[in-house]
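J.: Dropping the structure in here first, questions after.
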Amino acid sequence: MTSEENRRSRRQGPAMLRGRAVPQTTTDQRLLDGRGPSDWVHADPWRVLRIQAEFVEGFGLLAEIPKAVSVFGSARTKPGSDEYELAVDIGRRLHEAGYAVITGGGPGIMEAANKGCDDAGGLSVGLGIELPFEQKLNDHIDIGLEFRYFFVRKTMFVKYSQAFVVLPGGFGTLDELFEAITLVQTGKITRFPIVLVGTEFWGGLLDWVKQVMLSSAKISEEDLDLFHVTDDPDEVVRVIVDAHVKQARLQEEEQAAREAARAAGNGT
Ligand SMILES: CC(C)=CCNc1ncnc2c1ncn2[C@@H]1O[C@H](COP(=O)(O)O)[C@@H](O)[C@H]1O
């Protein structure tokens, strides 16, 4: 090391650097200087921060929404079709039962459920996803958020709703449905009603689940109780409300039992 290099030293955060270890520029300079290579923007450590930012934004925006139900279904369902009108009706009824409605914020069933809730004066939430083609949140949303990452968005549906309603849809809908069933089956979320709407649409899949999955012991008999299937919008809401009433009662009983045990332990 030359005596010139030896003299140079710099503090960099908690570190002290000397000689040739001292970088030519400061951290601030590198941050503020627009020039230079930008490959780092696409590197994984940077992505981790973006992912983290999506969680922070989502948690921040949704933390204070009241109890809510997520409604899923095809992005391709056309306004005016029976399934679209059914989703409008379900969105409205969910609001009337005291729930906010959360959807994927897109067109089709998502738009219909948001519309039903919004037109009835309810809180309508859309959690959109950035897609390769131009896309905007539907017009019936009070609180909207656009996610880059599907897995971050999926966390929000589960964390901020207390039930899932699933209307006819394609791969996206099946992905959301089976994630929810898996989370309930594995005890990651408890007492979480999942209602499938459309006995004809879901019938073939349910037959296969029973005839192939169940009969080859890939699931057990009680796993069939993890979801409820109906065509009746009134029943959709009733199943959810009943499950939540039962859940609240159980929680009260558990709380009372804990307090009784504590009191007995104190000898009071
Ligand atoms: C017209 C078109 C294809 C638009 C796509 N635009 C989308 N916008 C928001 N969420 C979406 C979209 N496509 C799929 N999803 C997600 O996947 C589900 C629907 O997918 P699918 O149509 O069943 O498979 C929705 O519940 C939603 O959460």
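Taken together, the values in this text are just the output of simple stated rules run on the coordinates, not laboratory data. The shown structure was predicted, so the numbers you read here are calculated from the model rather than taken from an experiment. Glycine gets a Cβ as well: all are built from the backbone with ideal geometry, and neighbour counts include every protein chain shown.
J.: Using only the alpha-carbon atoms, how far is helix 82-96 inclined from the longest principal axis of the chain? Give it as 0 to 90 degrees, nearest 10.
T.: It works out to around 80 degrees.
J.: What number comes out for the charge environment of Glu54, summing +1 per Lys or Arg and -1 per Asp or Glu over other residues with Cβ under 14 Å away? Walk me through the intermediate numbers first.
T.: On the way: positive: Arg47, Arg50, Arg148, Arg153, Lys154, Lys159; negative: Glu57, Glu130, Glu146.
Its environment carries a net charge of +3.
J.: Between the helical axis of 44-62 and the dominant principal axis of the chain, each derived from Cα atoms, what acute angle in degrees is found, rounded to the nearest 10?
T.: Approximately 50 degrees, to the nearest 10.
J.: Which shape class, rounded, prolate or oblate, goes with segment 185-230 when its Cα gyration tensor gives a ≥ b ≥ c as root eigenvalues, a/c under 1.5 marks rounded, and past that a/b bigger than b/c marks prolate?
T.: Working: a/c = 2.94, a/b = 1.08, b/c = 2.71.
Oblate, because a/c is 1.5 or more while a/b does not exceed b/c.
J.: Can you pull out the GluC sites (Glu not before Pro) in segment 115-183 whose DSSP state is coil and whose Cβ has at most 12 other Cβ atoms within 10 Å? Walk me through the intermediate numbers first.
T.: Numbers: sites: Glu130, Glu134, Glu146, Glu176, Glu179; in loops: Glu130, Glu134.
Passing sites in segment 115-183 are Glu130, Glu134.
J.: Now for a different question. If one computes P(r) from the Cα atoms of the chain, what percent of pairs lie at distances over 29 Å? Intermediate results must be reported in sequence, preceding the final value.
T.: Working: 16977 of 35778 pairs.
That tail contains 47 percent of the Cα-Cα pairs.
J.: While we're here: Which of the three applies to segment 94-195, rounded, prolate or oblate, going by the alpha-carbon gyration tensor with a ≥ b ≥ c and a/c under 1.5 meaning rounded? Mind showing how you got there, number by number?
T.: On the way: a/c = 1.76, a/b = 1.16, b/c = 1.51.
Because a/c hits 1.5 or more and a/b fails to exceed b/c, segment 94-195 counts as oblate.
J.: Starting from the Cα of Ile189, step 7 Å along the direction of its Cβ; do the same at Ala21; then give the gap between the two resulting points in nm.
T.: The two pseudo-label positions are separated by 5.0 nm.
J.: Scan around Gly198 for amide H atoms under 5 Å from its own, H built in the peptide plane at 1.01 Å from N, and keep only partners 5 or more places away or cross-chain.
T.: Those lying under 5 Å, H to H, from Gly198 are Thr230, Asp231.
J.: Residue by residue through segment 169-176, what is 3J(HN,Hα) from phi via Karplus (6.51 cos²θ - 1.76 cosθ + 1.60, θ = phi - 60°)? Round to whole Hz and write x for glycine and proline.
T.: x, x, 4, x, 5, 5, 4, 5
J.: Answer rounded, prolate or oblate for segment 155-247, using the Cα gyration tensor with square roots of eigenvalues a ≥ b ≥ c: rounded when a/c is under 1.5, else prolate when a/b is larger than b/c, else oblate. Could you put the intermediate results ahead of the total?
T.: Details: a/c = 1.44, a/b = 1.23, b/c = 1.17.
It comes out rounded by the Cα gyration axes.
J.: What value, in deg cm²/dmol to 500, does the helix sum -39500 (n - 2.57) over DSSP H runs of n ≥ 4 give at 222 nm once divided by the residues of the chain? List each step's numbers first, then the result.
T.: Numbers: 9 runs with 126 residues, N = 268.
Computed mean residue ellipticity for the chain: -15000 deg cm²/dmol.
J.: With θ set to phi - 60°, apply the Karplus curve 6.51 cos²θ - 1.76 cosθ + 1.60 along segment 131-139 and write out the HN-Hα couplings as whole Hz, x wherever there is a Gly or Pro.
T.: Residue by residue, segment 131-139 yields 10, x, 10, 3, 6, 10, 5, 5, 7 Hz.
J.: May I ask you to order 153-161, 70-78, 18-26, 99-107 by the average number of other C-beta atoms within 10 Å around their residues, highest value first?
T.: Numbers: 153-161: 19.6, 70-78: 22.0, 18-26: 11.6, 99-107: 26.9.
Descending mean neighbour count gives 99-107, 70-78, 153-161, 18-26.
J.: Something else about it: Tell me, what HN-Hα J-couplings in whole Hz come from the Karplus equation 6.51 cos²θ - 1.76 cosθ + 1.60 at θ = phi - 60° for each residue of segment 251-265, using x for Gly and Pro?
T.: Once θ is set to phi - 60°, the couplings for segment 251-265 become 5, 4, 5, 4, 4, 4, 5, 5, 5, 5, 5, 5, 4, 5, x Hz.
J.: Separate question: Any idea which of Ala43, Gly126, Met16 is furthest toward the positive side of the dipole for the chain, if Lys and Arg beta-carbons carry +1 and Asp and Glu beta-carbons -1?
T.: The Cα lying farthest towards the positive end belongs to Met16.
J.: For segment 10-91, state which GluC sites (Glu not before Pro) are in a DSSP loop and have at most 16 other beta carbons lying within 10 Å of their beta carbon. Walk me through the numbers on the way to the answer.
T.: On the way: sites: Glu54, Glu57, Glu64, Glu83, Glu85; in loops: Glu64.
When the GluC sites (Glu not before Pro) of segment 10-91 are filtered for loop state and at most 16 Cβ neighbours within 10 Å, Glu64 remain.
J.: In addition: If you take every DSSP beta bridge whose two residues both sit in the chain, what share of them, in percent to the nearest 5, is antiparallel?
T.: Counting only bridges with both partners in the chain, antiparallel ones make up about 15 percent.
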